[in-house]
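Below is one structure, written out as structure tokens; the observations come after it.
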Amino acid sequence: GENVEQHPSTLSVQEGDSAVIKCTYSDSASNYFPWYKQELGKRPQLIIDIRSNVGEKKDQRIAVTLNKTAKHFSLHITETQPEDSAVYFCAATYQAGTALIFGKGTTLSVSS
Amino acid sequence: GAGVSQSPSNKVTEKGKDVELRCDPISGHTALYWYRQRLGQGLEFLIYFQGNSAPDKSGLPSDRFSAERTGESVSTLTIQRTQQEDSAVYLCASSLGTELNYGYTFGSGTRLTVV
């Protein structure tokens, strides 16, 4: 089955800096890689996703890159703001009809 | 409903007792997932339902855990003879179907505390 490793487990940045979170996956057949954001005490919410036929995807200040050869994908947040502080989870799945496997999460703290 | 609804929001139970957790998915969502989130940890997959297909139970940690779903509606997760290590937030999610572009919508979770 799929296994997803996520690093770092915690990340502290100053407001305005960039933040990068990286995930690696084990199943070369995986082809869908979403990122979820979970604010303290709230439910996880999808913020961006990427499929294996795309190398990079951007949505305003967030972007995700995928390297299928190395089996890793990364979340990039630019111009960080205090409201970006949350736990971020990456996930992967290798086919439709299977559940997402999540990484252990990265706690991002943005200080002003 | 407007979102995924889970009940109860909090549950405190004594070790050895059985508990039942409920999830109401978004109307029309055929896929339903249960995950466990221990304090400060990631989302651990438990079980997945899709329509009338046999559920994927590969994530259930022991035979004390079971889940049912009636058609494409409510699901219940049952934990028998609860142990302290079962303490966690149990999250339910639903999606329109199994296509990859159908993102998950999570409920607010049930916080289970076994004392």
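The values are calculated or read from the model by the stated rules, or taken from the named source; none is laboratory data. Everything numeric in this text was worked out from a predicted model, so none of it was measured. Here the Cβ is made from the backbone with ideal geometry for all residues, glycine too, and neighbour counts use every protein chain on show. When the accessible area is computed, the model is the full protein with side chains, heavy atoms only, and any ligands, DNA or RNA have been set aside. Shrake-Rupley method; radii C 1.70, N 1.55, O 1.52, S 1.80 Å.
Side notes on the structure shown:
- Sole exception among (1) open to solvent by less than 20 Å² (accessible area, probe 1.4 Å); (2) assigned to a strand (DSSP E or B); (3) more than 14 Å from every other protein chain (Cβ to nearest Cβ) for B:LEU91, by number: (3)
- Sole exception among (1) open to solvent by 40 Å² or more (accessible area, probe 1.4 Å); (2) at pLDDT 95 or above; (3) over 11 Å from the mean Cα position of the chain (by Cα) for B:ARG22, by number: (3)
- Any chance A:THR78 is surrounded by 13 or more Cβ atoms within 10 Å (Cβ to Cβ) and more than 13 Å from the chain's Cα centre (by Cα): yes
Here's the yes/no breakdown for (1) touching a residue at least 12 places away in the same chain (Cβ under 8 Å); (2) open to solvent by 40 Å² or more (accessible area, probe 1.4 Å); (3) within 14 Å of chain A (Cβ to nearest Cβ); (4) within 22 Å of A:LEU100 (Cβ to Cβ):
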{"residue": "B:LYS15", "(1), (2), (3), (4)": "yes, yes, no, no"}
{"residue": "B:TYR35", "(1), (2), (3), (4)": "yes, no, yes, yes"}
{"residue": "B:LEU39", "(1), (2), (3), (4)": "yes, yes, yes, yes"}
{"residue": "B:LYS57", "(1), (2), (3), (4)": "no, yes, yes, yes"}
{"residue": "B:GLU68", "(1), (2), (3), (4)": "no, yes, no, yes"}
{"residue": "B:LEU96", "(1), (2), (3), (4)": "yes, yes, yes, yes"}
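- With respect to the conditions (1) within 14 Å of chain B (Cβ to nearest Cβ); (2) assigned to a loop (DSSP other than H, G, I, E, B); (3) surrounded by fewer than 19 Cβ atoms within 10 Å (Cβ to Cβ), A:LEU46 falls short on a single one, namely (2).
- Residues in segment B:31-60 that are part of a loop (DSSP other than H, G, I, E, B) and modelled with pLDDT of 95 or more: B:LEU60 alone.
- Candidates A:LEU108, A:LEU40 - the one that is touching a residue at least 40 places away in the same chain (Cβ under 8 Å) and either open to solvent by 10 Å² or more (accessible area, probe 1.4 Å) or farther than 24 Å from B:SER108 by Cβ (or both): A:LEU40
- Taking (1) crowded, with 19+ Cβ neighbours inside 10 Å; (2) more than 13 Å from the chain's Cα centre (by Cα) in turn, B:GLY103 satisfies each apart from (1).
- Every condition in (1) within 10 Å of the chain's Cα centre (by Cα); (2) under 22 Å from A:GLN45 (Cα atoms) is met by B:THR78 except one, and the failing one is (2).
- Screening segment A:17-36 for residues that are open to solvent by less than 40 Å² (accessible area, probe 1.4 Å) and within 12 Å of another protein chain (Cβ to nearest Cβ) and picking the one that is nearest to the chain's Cα centre (by Cα) gives A:TRP35.
- Of the residues making up segment A:55-66, those that are open to solvent by 60 Å² or more (accessible area, probe 1.4 Å) and not basic (Lys, Arg) number 3.
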